[in-house]
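What follows is a short report on a single structure.
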Amino acid sequence: MINHPRKGLRRFMFRAPIWFYRVGLGWLFGSRFLLLNHIGRKSRLPRQTVLEVVRHNPETDTYIIAAGWGEQSDWLRNIQYTPNVMVMTGRRRFEATATRLYAEEARQEARRYAQDHPTAFRTLAGKLIEQPLSGTDEDYWIFAEKIPFIALHPR
């Protein structure tokens, strides 16, 4: 896995979008990103993370996100402990329940993401799992096994 940006300029750059949402400018990120408000599993304090939207299903209004830092992502560990979250995307804000996708569902989402964003999948996905990916069915399986996919279902 890529080293998580825990401090310094890298951390600042990853966390800067949170301030856009806090001052009401989250709409600048469009529908490709969302702000996830969750509760810390140890501290029980509110936490925030900006994440890329893998896909939005307009029929069910479900948002699919992925934990790019893998199983050790703090936000992932937090929502597994407390799955009730608040989501902001664009100008919209809603309560949701976070559920982890099973292997086959995750693989389908990986395939769909690769088809919708082929360059991002090849470059970003390859770096996240530290091996080159070309877009084969085996690649989707490998990616989905290493990168957890989460569905955010509105409540």
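The values are calculated or read from the model by the stated rules, or taken from the named source; none is laboratory data. Quick caveat: nothing in here was measured; it's all calculated off a predicted structure. Glycine gets a Cβ as well: all are built from the backbone with ideal geometry, and neighbour counts include every protein chain shown.
Take the residues in region 110-143 that are among the aliphatic types (A, V, I, L, M) and not in a helix (DSSP H, G or I); name whichever of them is nearest to ARG100 (Cα to Cα).
Within region 110-143, the first condition is being among the aliphatic types (A, V, I, L, M), and the residues that meet it are 110, 114, 120, 124-125, 128-129, 133, 142.
Still in the list and also not in a helix (DSSP H, G or I): 129, 133.
Working: ILE129: 19, LEU133: 23 Å.
Looking at the filtered set, the residue picked out is ILE129.
May I ask you to list the residues in region 24-45 that are among the hydrophobic types (A, V, I, L, M, F, W, C), surrounded by 14 or more Cβ atoms within 10 Å (Cβ to Cβ) and not in a strand (DSSP E or B)? Before the answer, list the steps.
Restricting attention to region 24-45, the residues satisfying the condition of being among the hydrophobic types (A, V, I, L, M, F, W, C) are 25, 27-29, 33-36, 39, 45.
Restricting the remaining residues to those that are surrounded by 14 or more Cβ atoms within 10 Å (Cβ to Cβ) gives 27, 29, 33-36, 39.
Those that are among the hydrophobic types (A, V, I, L, M, F, W, C), surrounded by 14 or more Cβ atoms within 10 Å (Cβ to Cβ) and not in a strand (DSSP E or B): TRP27, PHE29.
Would you check which residues across region 87-107 are touching a residue at least 12 places away in the same chain (Cβ under 8 Å) and either among the charged types (D, E, K, R) or surrounded by 17 or more Cβ atoms within 10 Å (Cβ to Cβ) (or both) and list them?
Step one: of region 87-107, the residues touching a residue at least 12 places away in the same chain (Cβ under 8 Å) are 87-91, 94-101, 103, 105-107.
If the condition is that a residue be touching a residue at least 12 places away in the same chain (Cβ under 8 Å) and either among the charged types (D, E, K, R) or surrounded by 17 or more Cβ atoms within 10 Å (Cβ to Cβ) (or both), then VAL87, MET88, THR89, ARG91, GLU95, ALA96, ALA98, ARG100, LEU101, GLU105, ALA106, ARG107 are the ones that fit.
May I ask you to list the residues in region 30-72 that are free of Cβ contacts under 8 Å to residues at least 60 places away in the same chain and hydroxyl-bearing (Ser, Thr, Tyr)?
SER31, SER43, THR49 - these are the residues of region 30-72 that are free of Cβ contacts under 8 Å to residues at least 60 places away in the same chain and hydroxyl-bearing (Ser, Thr, Tyr).
Examine region 92-101 for a residue that is at pLDDT below 85, among the basic types (Lys, Arg) and either closer than 25 Å to ILE39 by Cα or assigned to a helix (DSSP H, G or I) (or both), and state whether such a residue exists. Before the answer, list the steps.
From region 92-101, those at pLDDT below 85 are none; that's our starting set.
So far as region 92-101 goes, no, none of its residues is at pLDDT below 85, among the basic types (Lys, Arg) and either closer than 25 Å to ILE39 by Cα or assigned to a helix (DSSP H, G or I) (or both).
Can you pull out every residue in region 52-62 that is part of a strand (DSSP E or B) and among the polar types (S, T, N, Q)?
Initially, region 52-62 is screened for residues part of a strand (DSSP E or B), giving 52-57, 62.
Selection gives ASN57, THR62.
Can you pull out the residues in region 63-82 that are farther than 14 Å from ILE147 by Cβ and in a helix (DSSP H, G or I)?
Initially, region 63-82 is screened for residues farther than 14 Å from ILE147 by Cβ, giving 63, 74, 77-82.
Listed by number, the residues that qualify are ASP74, ARG77, ASN78, ILE79, GLN80, TYR81.
Hey, does region 41-62 have a residue that's farther than 24 Å from GLU145 by Cβ and among the small types (Gly, Ala, Ser)? I'd like the intermediate steps shown before the answer.
We begin by selecting, within region 41-62, every residue farther than 24 Å from GLU145 by Cβ; these are 42-48, 50, 58-61.
With among the small types (Gly, Ala, Ser) added as a condition, the list becomes 43.
Scanning region 41-62 turns up at least one residue that is farther than 24 Å from GLU145 by Cβ and among the small types (Gly, Ala, Ser).
If we scan region 68-90, do we find a residue that is aliphatic (A, V, I, L, M), over 12 Å from LEU152 (Cβ atoms) and at pLDDT below 95? Lay out the reasoning, then the answer.
First pass over region 68-90, keeping only residues aliphatic (A, V, I, L, M): 76, 79, 85-88.
Among the residues that remain, those that are also over 12 Å from LEU152 (Cβ atoms) are: 76.
After this cut, where a residue has to be at pLDDT below 95 as well, the list is none.
Within region 68-90, none of the residues are aliphatic (A, V, I, L, M), over 12 Å from LEU152 (Cβ atoms) and at pLDDT below 95.
Tell me which residues, restricted to region 112-132, are among the small types (Gly, Ala, Ser), surrounded by 14 or more Cβ atoms within 10 Å (Cβ to Cβ) and more than 19 Å from ASN57 (Cβ to Cβ). Talk me through it step by step, then tell me what you get.
Step one: list which residues in region 112-132 are among the small types (Gly, Ala, Ser), which gives 114, 120, 125-126.
So of that shortlist, the ones also surrounded by 14 or more Cβ atoms within 10 Å (Cβ to Cβ) come out as 114, 125-126.
Matches in region 112-132: ALA125, GLY126.
So is LEU51 over 28 Å from ALA103 (Cα atoms), at pLDDT 85 or above and of a type in the set (A, V, I, L, M) or not?
On the way: over 28 Å from ALA103 (Cα atoms): no; at pLDDT 85 or above: yes; of a type in the set (A, V, I, L, M): yes.
Here the answer is no, as LEU51 does not meet what is asked.
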